1. Enumerate the whole-percent occupancy of each 5 Å bin, from 0 to the last occupied one, for all C-alpha pair distances of segment 44-190.
2. What is the fewest-to-most order of 118, 105 by other Cβ atoms lying within 10 Å of their Cβ?
3. If neighbour count is taken as other Cβ atoms inside 10 Å, put 138, 345, 29 in order from fewest to most.
4. How do 80, 357, 71 rank when sorted from fewest to most other Cβ atoms within 10 Å of their own Cβ?
């Protein structure tokens, strides 16, 4: 089943006890993801160059703790952004990076962005690397390659990135360039060559398997991979109205490529709006967007869930001043743009950040 899930471009599986209940903040269930398999050998990786850095928060406030990673485009002869990495290093390494990285403080000023860098506004860093040809190369590992219009390497990005190794054996010429990154992305989406070693199974176990992969007789693993995946809608369980469910299923049956969707039913007097999104995986639509979403907003829990799923960053009440967008009236010293709940759904529907509405 995990083979089928990954081939469909989904993130992974959650293994649940059928008698358990969901409790926020509790971890009763198990996750199975591509980058967990074969001791991490199935994770997507790329050798990227450090192009900039961002100030951290909390205990890392006042120091560089997140890093802008990118690759070189031989065609335009410019550098493109791929992802923002905030993990994989300990405190000692972070302290060392403060001294070793040759950076220039630009404080996200647009006028100070160098001409060699292709970057969108949401990812303007606090620091920019002085010379990308002398910058360190890091091996960046993530759950999967993804698509994000917030990044300039043909929209290719990495979900849940972390630094796994400093590539002292590589320089900017031997690091992953844009041509190679495109090929890595293509291979990642087209191939899923791995084996999962499972213990002895019984007929009872097979019957308990979700997804209908087992018939309850012969537990042959080949039957899981040879059969084509069923065309089923995702998140249909979120829809309460049977008529709305039927309309969703009809849409799915007429689309061969669609593998996931978001369905939002508005409040009273509003028509249900089907937001078709993410044609192989969830897109990083809200990458770089920091949203203050008060609990008093109607349907706040659902808004949070979808905003975070599409790579958004929620800020707490005490940190509302750092938000780039807000659903509450902004303070006098706030630079946040005022948006409405419908703005979130419109961004998901169009698969990009749209002007505030």
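Every number in this text was worked out from the coordinates using simple rules, so none of it is lab data. Here the structure is a predicted model, which is why all the values come from computation and not from measurement. All Cβ positions, even for glycine, are placed from backbone atoms using ideal geometry, and neighbour counts span all protein chains on display.
1. Using 5 Å bins, I get a P(r) of 2, 10, 21, 25, 22, 14, 5, 1, 0 for segment 44-190.
2. Values: 118 16, 105 12.
Ascending Cβ contact count within 10 Å gives the list 105, 118.
3. Numbers: 138 25, 345 18, 29 12.
Fewest-to-most Cβ neighbours within 10 Å comes out as 29, 345, 138.
4. Working: 80 22, 357 11, 71 25.
Ordered by Cβ neighbours within 10 Å, fewest first: 357, 80, 71.
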